[in-house]
Amino acid sequence: MVESVSDVGSSAETASRGVPESPYAWTRLAAALLLSGIGGVGMWSVIVALPAIQAEFGVARSAASLPYTVTMICFGLGGILMGRLSDRFGIVVPVVGGTVFLGLGYALASQATSLWQFVLAQGLFVGIASSATFAPVIADTSLWFTRRRGMAVAIIASGSYLAGTVWPPVVQHFIQRVGWRHTYLGIAVFCVATMLPLALALRRRSPLVETSPGTSPGARPSRPLGMSPAALQTVLIIAGLSCCVAMSMPQVHIVAYCADLGYGAGRGAQMLSLMLGFGIVSRLASGWVCDQIGGRRTLLLSSSLQALALALFLPFDNLPALYSLSALFGLFQGGIIPAYAVIIREFFPPEEAGVRVATVIMATVFGMALGGWMSGVIFDLTGSYHTAFVNGILWNLLNIGIAVGLLRRPGRPLEQAWR
């Protein structure tokens, strides 16, 4: 009897401290979201600084877009490296290491005397360091939730959009007041001072890491949606690349676009913040939508709405319209990325979900990088962003075609395999 009471007390204590769905899990989620929102500055500060960097080094728009492209490539590859560190040593190691390198990267970038020095500091240091606060943190969060895992993952996946909502106007404000060099140095100090204490809240590892038994393959589909697993994975990679080439046009160039139209970079930073703020709403809602209609239909719906928003940028370029379209674009496109994860969960065995989702997410990051660079090249060739928007729409149509093709394929979600 005494042993039974002791066991109950121990279970209650464990539940309050470190098991899935416990109060600690939600506290940990809040800390992780703040960490992701702060560390996500690496993806957005370079966008706001683009006009200042172009003027500082006297380069063309395509060259000024190169730091963003390199940052996103390193962000995608860095996510795999940081994820492996997290799997082996726990999330604190990549987060602390990423924080130190993030501060170092911003400090080095602030002292750059050439564009190539800036590209190396921004890409190799800031890009890789920022990746520690995205995919690895999402994976770690999923270990702390069971019944509400979808909502928890949706919340933490919104960290990058939270960063995109908060950071652009802040960075633009300080660039105007003290210049981009002092702004970058200030970001370095702020990130190190705030992220290291937050990392301490994540030091406890999930008990699932140690107690979860090895998974067995079990019954798995040999031809999901009538295709080989490799073929479906390849199709999803192309879909992820194409949707984000389209998505990158407004997100990467809205600040420069507004400056070219005479509205000022400050207005563009506000629009970027508005776009990503509505993206948070869209991303959170997409989980509920996927539960109702499935991943393939969600992908088709979100991709079609994104194409519509892109098309509306062509005839309307007055200030009120651009604010409205920025909000609309954010509201439409936030559900695309989560839809890929849902499709993989529906048609692949759960023990393969991690690597398959990571591969598609890396393709979306590369799509953002490629699209940001392509739009800069098109601007240099044509002198406007009109053709760049058309280019984005064409890539979006490719994504819609893939979504339609997936929806027409025979096959039912393997719901029992994931529950």
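The values are calculated or read from the model by the stated rules, or taken from the named source; none is laboratory data. This one's a predicted model, so the numbers in the text were calculated from it and none came from an experiment. Cβ sites come from the backbone with ideal geometry, for glycine too, and all protein chains shown count toward neighbours. Quick note on the areas: whole protein, heavy atoms, side chains included, nothing else; ligands and nucleic acids left out. Shrake-Rupley method; radii C 1.70, N 1.55, O 1.52, S 1.80 Å.
Each row is one residue, and each column tells you yes or no for (1) open to solvent by less than 10 Å² (accessible area, probe 1.4 Å); (2) basic (Lys, Arg).
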site: Gly40; (1), (2): yes, no
site: Met43; (1), (2): no, no
site: Val48; (1), (2): yes, no
site: Ile53; (1), (2): yes, no
site: Phe57; (1), (2): no, no
site: Arg61; (1), (2): no, yes
site: Leu66; (1), (2): no, no
site: Thr71; (1), (2): yes, no
site: Gly79; (1), (2): no, no
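Considering each residue of the stretch 81-92, count those that are surrounded by fewer than 19 Cβ atoms within 10 Å (Cβ to Cβ) and in contact with a Leu (Cβ under 9 Å, 6 or more places away or on another chain), and give that number.
Residues meeting the conditions: 2.
Which residues, taken from the stretch 93-119, are among the hydroxyl-bearing types (Ser, Thr, Tyr) and open to solvent by less than 10 Å² (accessible area, probe 1.4 Å)? Before the answer, list the steps.
The initial filter retains those residues of the stretch 93-119 that are among the hydroxyl-bearing types (Ser, Thr, Tyr), namely 99, 106, 110, 113-114.
Thr99, Tyr106, Ser110, listed by residue number.
Within the stretch 47-69, is even one residue closer than 25 Å to Thr141 by Cβ and either out of contact with any Lys or Arg (no Cβ under 8 Å at 6 or more places or on another chain) or not basic (Lys, Arg) (or both)? Explain how you work it out, then say what you get.
First pass over the stretch 47-69, keeping only residues closer than 25 Å to Thr141 by Cβ: none.
No.
Against the definition (surrounded by fewer than 24 Cβ atoms within 10 Å (Cβ to Cβ), of a type outside the set (Lys, Arg) and in contact with a helix residue (DSSP H, G or I) (Cβ under 8 Å, 6 or more places away or on another chain)), how does Gln122 come out, yes or no?
Values: surrounded by fewer than 24 Cβ atoms within 10 Å (Cβ to Cβ): no; of a type outside the set (Lys, Arg): yes; in contact with a helix residue (DSSP H, G or I) (Cβ under 8 Å, 6 or more places away or on another chain): yes.
The answer is no for Gln122.
What number of residues within the stretch 375-390 satisfy the criterion of being surrounded by fewer than 24 Cβ atoms within 10 Å (Cβ to Cβ), touching a Phe, Trp or Tyr at 6+ places or on another chain (Cβ under 9 Å) and under 15 Å from Leu50 (Cα atoms)?
Within the stretch 375-390, residues that are surrounded by fewer than 24 Cβ atoms within 10 Å (Cβ to Cβ), touching a Phe, Trp or Tyr at 6+ places or on another chain (Cβ under 9 Å) and under 15 Å from Leu50 (Cα atoms) number 1.
Could you identify the single residue in Leu241, Leu276, Leu232 that is open to solvent by 10 Å² or more (accessible area, probe 1.4 Å) and assigned to a helix (DSSP H, G or I)? Break it down into steps so the answer makes sense when it comes.
On the way: Leu276 fails: open to solvent by 10 Å² or more (accessible area, probe 1.4 Å); Leu232 fails: open to solvent by 10 Å² or more (accessible area, probe 1.4 Å).
Selected residue: Leu241, the only one of Leu241, Leu276, Leu232 that is open to solvent by 10 Å² or more (accessible area, probe 1.4 Å) and assigned to a helix (DSSP H, G or I).
Can you tell me which condition Ser6 does not meet? The list is (1) at pLDDT 80 or above; (2) hydroxyl-bearing (Ser, Thr, Tyr); (3) open to solvent by 50 Å² or more (accessible area, probe 1.4 Å), and all the others hold.
Among (1) at pLDDT 80 or above; (2) hydroxyl-bearing (Ser, Thr, Tyr); (3) open to solvent by 50 Å² or more (accessible area, probe 1.4 Å), Ser6 violates only (1).
So for the stretch 153-162 (the condition being more than 23 Å from the chain's Cα centre (by Cα) and open to solvent by 30 Å² or more (accessible area, probe 1.4 Å)), does at least one residue qualify? Quick ask: steps written out before the conclusion?
Initial filter on the stretch 153-162 (more than 23 Å from the chain's Cα centre (by Cα)): none.
No, the stretch 153-162 has no match at all.
Could you tell me how many of the residues in the stretch 188-203 are surrounded by 15 or more Cβ atoms within 10 Å (Cβ to Cβ) and at pLDDT below 90?
2
Go through Ser248, Ser282, Ser242, Ser286 for me and flag whichever is at pLDDT 90 or above and of a type outside the set (A, V, I, L, M). Lay out the reasoning, then the answer.
Working: Ser248 fails: at pLDDT 90 or above; Ser282 fails: at pLDDT 90 or above; Ser286 fails: at pLDDT 90 or above.
The match here is Ser242.
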